[in-house]
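Student: Structure provided below as structure tokens; questions to follow.
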Amino acid sequence: MIYKDNIELIELPKIIELSSNIHVLKFELMKLLPARYIIEKSLNSGLLTKEMTVIESSSGSFALGLAYVCAKHHLRLIIVGDPAIDKNLKNKLEILGAEVEIVEPSQKFGVQKARLRKLREIREKIGNTFWPQQYDNPLNPESYFLVGNHIIQNIDKIDCLVGSVGSGGSVCGIANYFDSIGRRINVVGVDTHGSVLFGQKSGTRYLRGLGNGILPKNVNHTLFDQIHWVNAPDSYNMCNELYKRNCLFMGGTSGASYLVGKWWAKKNPSQNVLIIFPDSGERYVETIYNKIWLEDNGMLKEEIKDPLLVLNPDECNNNHWAYMEWNRRNISSLTAKNAYNYGHQA
């Protein structure tokens, strides 16, 4: 097949069989898919015009996805991020024409709310802007129907979907697709300690790329059967295992999802598990894949223990991997005092 451009080439994931009951969706840049879908749908509907400035709060792969798509369509793009945008990512964004505003975290607001406050200031100042709103925009999960169709065309039987949760796009979108075609599968969400997504209190998140300090509208809690809260050392260990044993060079969110998916597959050997790998490991050469950095930051682990079963998110210990039988409940059934709605912040 001849592709028209690199976006088309890397938009859909490769499907890889790791064992008799484990497949993975290996994305090069997962957030490229919703970025293109949102921008092009909005251009076609007239909600976005070439005279408008696209502006978004992101410090990761959605920013890069938007930069690819906006460069292709000759749209001005402003990214409001935080220091998690490393030098290499910032260079990539700026080469593609994006303007990058870095916001320092504040004790008063936290990093997410600080970024959204800055985004609102810029929108008020320049006017005529388009905000993709990856956390609230239903086009984000809707874009993953393309992935769902890609899955069923290539894999005969899927019993369980495992993936990290941040904006609510990928896991919820694929789960919605399976529901829409009448196929009931187990859905396992991967979160991290200090994230408010599934009822924990907001706190420091050492494992980035998943979890959130605010509660997006696109996270549909009633789709999830089980939730896991994982820590950085276990996830980074699994990244290195993936690279050594399978030559898959992936980021920390992929390591976290593989940790959970591998455990679930072991517990259910007759079930077929599909694990989402969101991004590559190129941003983590000096961290996740650097033994000295891992040692200096207390991230090396010789042994990974099985997760602890908890009955409530408050029972989790930040140092240990834990899980909860979520059973497709609504978040309102739990107390989540620190869960903020993204759409009400800017």
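What follows draws every value from the coordinates through simple rules; no lab data is involved. Please read all numbers here as calculations on a predicted model, not as lab measurements. Neighbour counts are summed over all protein chains in view; Cβ atoms, including those assigned to glycine, are modelled from backbone coordinates with ideal geometry.
Student: Starting from 0.36 nm per residue, how many nanometres of slack lie between Lys41 and Ile152 once their C-alpha separation is accounted for? Could you put the intermediate results ahead of the total?
Tutor: On the way: separation 111, 0.36 × 111 = 39.96 nm, distance 2.42 nm.
The Lys41-Ile152 span can extend by a further 37.5 nm.
Student: I'd like to know which of Gly189, Leu9, Ser202 lies farthest towards the positive end of the charge dipole of the chain, counting +1 on Cβ of Lys and Arg and -1 on Cβ of Asp and Glu.
Tutor: Ser202
Student: Tell me, what HN-Hα J-couplings in whole Hz come from the Karplus equation 6.51 cos²θ - 1.76 cosθ + 1.60 at θ = phi - 60° for each residue of the range 234-245, using x for Gly and Pro?
Tutor: 4, 5, 5, 4, 5, 4, 5, 5, 4, 5, 5, 9
Student: A further question follows. Calculated FRET efficiency, Arg328 and Leu9, Cβ-Cβ r, R0 41 Å, to nearest 0.05? Don't skip to the answer; put the middle values down first.
Tutor: Values: r = 36 Å, r/R0 = 0.89.
For R0 = 41 Å, the calculated efficiency reads 0.70.
Student: Explain nothing, just compute: Karplus ³J(HN,Hα) = 6.51 cos²θ - 1.76 cosθ + 1.60, θ = phi - 60°, for every residue of the range 191-203 in order, whole Hz, x for Gly and Pro.
Tutor: Karplus-based 3J(HN,Hα) across the range 191-203 equals 10, 9, 4, x, 9, 8, 4, 10, x, 6, 7, 5, x Hz.
Student: Let me ask something else about it. With +1 on each Lys and Arg Cβ and -1 on each Asp and Glu Cβ, and nothing else charged, work out how big the dipole of the chain is about its Cα centre, in Debye to the nearest 20. If you can, show how the numbers build up before the last one.
Tutor: On the way: 39 positive and 36 negative charges, 93 e Å.
I would put it at about 440 debye.
Student: Take the alpha-carbon centre of the range 141-186, take the same for the range 41-108, and report the distance between them in whole Å.
Tutor: Comparing the Cα centres of the range 141-186 and the range 41-108, I get a distance of 27 Å.
Student: Let me ask something additional. Within the range 169-192, whose backbone N sits under 13 Å from a point 7 Å along Cα→Cβ of Lys266?
Tutor: No residues fall inside that zone.
Student: Which residue fluctuates most in the GNM of the chain (Cα springs below 10 Å): Lys157, Lys244, Lys90?
Tutor: Residue with maximal mean-square fluctuation among Lys157, Lys244, Lys90: Lys244.
Student: Sticking with this structure for a sec: Put one equal scatterer on each alpha carbon of the chain, apply the Debye formula with no solvent term, and list log10 I(q)/I(0) at q = 0.09, 0.10, 0.14 1/Å to two decimals.
Tutor: Per q value, in the given order, log10 I(q)/I(0) is -0.45, -0.57, -1.18.
Student: Quick one: putting +1 on the C-beta of Lys and Arg, -1 on the C-beta of Asp and Glu, what dipole do you get for the range 32-130 around its Cα centre, in Debye to the nearest 20? Provide the component values of the computation, followed by the final result.
Tutor: Numbers: 16 positive and 11 negative charges, 29 e Å.
I would put it at about 140 debye.
Student: Under a point spin-label approximation (7 Å from Cα along Cα-to-Cβ), what is the Glu94-Glu315 distance to one decimal in nm?
Tutor: So the label points at Glu94 and Glu315 sit 5.0 nm apart.
Student: Let me ask another. How long is the gain from Asp179 to Arg117 if the chain were fully straight, where each residue apart is worth 0.36 nm and the alpha carbon distance is subtracted? Each step should come with its number before you reach the end.
Tutor: Working: separation 62, 0.36 × 62 = 22.32 nm, distance 3.64 nm.
That pair, Asp179 and Arg117, stretches by 18.7 nm at full extension.
Student: How many nm separate the modelled label positions at Glu17 and Glu282, each set 7 Å beyond the Cα in the direction of the Cβ?
Tutor: 3.0
Student: Using the Cα centre of the range 91-248 as the reference point, and only Cβ charges (+1 on K/R, -1 on D/E), how large is the resulting charge dipole? Debye, rounded to the nearest 20. Display every interim value, and only then the final one.
Tutor: On the way: 18 positive and 15 negative charges, 78 e Å.
For the range 91-248, the charge dipole is close to 380 debye.
Student: A further question on this structure: Work out from phi, with θ = phi - 60° and the Karplus expression 6.51 cos²θ - 1.76 cosθ + 1.60, the ³J(HN,Hα) of each residue of the range 86-93, listed in order in whole Hz, and give x for Gly and Pro.
Tutor: Couplings: 6, 4, 5, 5, 4, 4, 4, 4 Hz.
Student: Can you tell which of Glu104, Glu295, Glu142 shows the greatest fluctuation in a Gaussian network model of the chain with Cα springs below 10 Å?
Tutor: Answer for the Gaussian network model of the chain: Glu295.
Student: Now for a different question. Quick one: which residues, 5 or more positions from Ser280 or on another chain, have an amide H under 5 Å from its amide H? H modelled 1.01 Å from N in the peptide plane, none for Pro or chain starts.
Tutor: Here the answer is Gly251, since their amide H atoms fall under 5 Å of that of Ser280.
Student: Show the residues, 5+ positions off or on another chain, whose built amide H is closer than 5 Å to the amide H of Glu101.
Tutor: The answer is Ile79, Val80, Gly81.
Student: Could you compute the FRET efficiency for Ile126 and Glu302, with r as their C-beta to C-beta distance and R0 at 51 Å, rounded to 0.05? Provide the component values of the computation, followed by the final result.
Tutor: Numbers: r = 53 Å, r/R0 = 1.03.
Working from the Cβ atoms, E equals 0.45.
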